[in-house]
Amino acid sequence: MSKYIRVLGIESSCDDTAVSIIDSNLQIISNVIISQKNEHEIFQGVVPEIAARSHMKNLKKAMEVALSQAKMNIKELDVISATCGPGLIGGVIVGAMFAKTIASVLAKPFIAVNHLEGHALTARLTNQIEYPYLLLLASGGHCQYVAVLALGKYKILGQTLDDAMGEAFDKVAKMMNLGFPGGPEIEKKALLGDENRFLFPLPMIDRKNCDMSFSGLKTAVRLTIERLPNFSEQDICDVAASFQKAISNIIYKKTKYAINEYEKVAIGRNLVVAGGVAANSVLRSTLELVSQEYLYNFVAPPIKLCTDNAAMIAFVGLERFNAGIIDDVSFKPRAQWSLEDL
Ligand code: KG4
Ligand code: ZN
């Protein structure tokens, strides 16, 4: 049996300052998230410089709360891991430097984590599923179907050629002044809307692969809004519902193509969703439906572990540490870092 260890994870790649401690029994001992939502809301998007400065301000506090939740002294940490990309580089550097300093002072191993790998492996932390599996990673910055073959071994089967799915939700929400991030607001408004009122286009739906495009859909939504004479509350709800239905139709079809591609490279019948948009219940039920049709097991981690968090970063730290992979503190943070480059 391997030694009991506790791993620190730090996440600062976007607008959430997150610190978590997990242990080698996969218990999440602490999971602290300080949201910067209020600071970015007036800009209706994340302002990189504000984000970096806020991470600097929030990290110490988040660390103190994480240690007190865990009832631990910092010296009891065994492994220190932090997101080192991809993401808004200012924030990534702040979090990575914070973690590297702790690792250096305590003389503990440092692990540079790819944020996307954090999302990709969350279902192993929460549901203990085995490799390989098919993953739809849908966040504010990424939207891709990935064959998760083993730790550090990923094949991107298809991806968006323009906007990420979360980005499309955020931009459509912005058109209707629904605040930021827009995804949860669209979902709420859609509950009160008629999803059949507007027939939005489904870009690239006829291409027999799992690449996607959301930019044309977003433009169609904008044109529809501009043409409505008096943009009422009911119009907002109907646009939100019709937009969400278009996303669902795209994902229904593209997931089938993704399964075909996945089965060329792997055997294993789990379909997993991750990333912030995985919180969306319509997306979840669409994936559940495809899973049933193809006799796959659908796995969706709890919502609070789908959006950005540091438990997923600590988990990658644990998996990599167990595999004997340790990084030097000279590791350079990266704004771009594909899962295929691990
Ligand atoms: O993974 P995440 O927390 O941060 C990134 O790494 O990007 O994802 C954030 C994205 C945002 O675009 C947000 O609008 C979207 O996830 N999102 C949602 C929902 N909750 C969050 N989109 C649709 N429906 C939701 N319920
Ligand atoms: Zn993310």
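The values are calculated or read from the model by the stated rules, or taken from the named source; none is laboratory data. Keep in mind the model is a prediction, meaning the values are calculated, not measured. All Cβ positions, glycine included, derive from the backbone under ideal geometry; neighbour counts span all protein chains shown. Heavy atoms of the whole protein, side chains included, go into the accessibility calculation; ligands, DNA and RNA do not. Shrake-Rupley method; radii C 1.70, N 1.55, O 1.52, S 1.80 Å.
Summary of values
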read-out	value
Which listed residue is within 16 Å of ligand 1 (Cβ to nearest atom), acidic (Asp, Glu) and surrounded by fewer than 23 Cβ atoms within 10 Å (Cβ to Cβ), from GLU233, GLU288	GLU288
Residue that is nearest to ligand 1 (Cβ to nearest atom) [pool: residues in segment 25-45 that are open to solvent by 40 Å² or more (accessible area, probe 1.4 Å) and assigned to a loop (DSSP other than H, G, I, E, B)]	GLN44
Those residues of segment 107-126 which are within 16 Å of ligand 2 (Cβ to nearest atom), open to solvent by less than 10 Å² (accessible area, probe 1.4 Å) and either among the small types (Gly, Ala, Ser) or under 10 Å from the mean Cα position of the chain (by Cα) (or both), in sequence order	LEU116, GLU117, GLY118, HIS119, ALA120, THR122, ALA123
Residue tally, condition surrounded by fewer than 24 Cβ atoms within 10 Å (Cβ to Cβ), modelled with pLDDT under 95 and of a type outside the set (Ser, Thr, Tyr), over segment 1-15	2
Checklist (1) open to solvent by 20 Å² or more (accessible area, probe 1.4 Å); (2) out of contact with any Leu (no Cβ under 9 Å at 6 or more places or on another chain); (3) more than 17 Å from MET312 (Cα to Cα); (4) touching a residue at least 60 places away in the same chain (Cβ under 8 Å) applied to GLY158, failing item	(1)
Exclusive hit being over 21 Å from CYS306 (Cα atoms), outside any loop (DSSP other than H, G, I, E, B) and away from ligand 2 (no atom under 16 Å from the Cβ), set ASP238, ASP194, ASP206	ASP238
Hits in segment 236-257 - residues which are small (Gly, Ala, Ser), open to solvent by less than 10 Å² (accessible area, probe 1.4 Å) and either more than 25 Å from LEU178 (Cα to Cα) or in contact with a helix residue (DSSP H, G or I) (Cβ under 6 Å, 6 or more places away or on another chain) (or both)	ALA240, ALA241, ALA246
Residue match in segment 141-152 (condition: in contact with a Gly (Cβ under 6 Å, 6 or more places away or on another chain) and open to solvent by less than 50 Å² (accessible area, probe 1.4 Å))	yes
Where a residue in segment 110-133 is under 17 Å from LEU149 (Cβ atoms) and its partner, wherever it lies, is among the hydroxyl-bearing types (Ser, Thr, Tyr) and away from ligand 2 (no atom under 15 Å from the Cβ), with Cβ under 7 Å and at least six apart	ALA120/TYR154
Some residue of segment 85-108 being among the charged types (D, E, K, R) and not in a helix (DSSP H, G or I)	yes
Residue identified as away from ligand 2 (no atom under 13 Å from the Cβ), within 27 Å of SER81 (Cβ to Cβ) and either open to solvent by 10 Å² or more (accessible area, probe 1.4 Å) or under 18 Å from the mean Cα position of the chain (by Cα) (or both) among ASN297, ASN309, ASN270, ASN260	ASN270
Qualifying residue in segment 172-183 (condition: more than 16 Å from ligand 1 (Cβ to nearest atom), closer than 19 Å to GLY275 by Cα and either of a type outside the set (S, T, N, Q) or surrounded by 18 or more Cβ atoms within 10 Å (Cβ to Cβ) (or both))	no
Pairs, first assigned by TED's automatic domain parsing to the domain that holds ASP170 and more than 9 Å from PHE180 (Cβ to Cβ) in segment 34-59, second surrounded by fewer than 19 Cβ atoms within 10 Å (Cβ to Cβ) and of a type outside the set (S, T, N, Q), C-beta under 7 Å, six or more apart	none
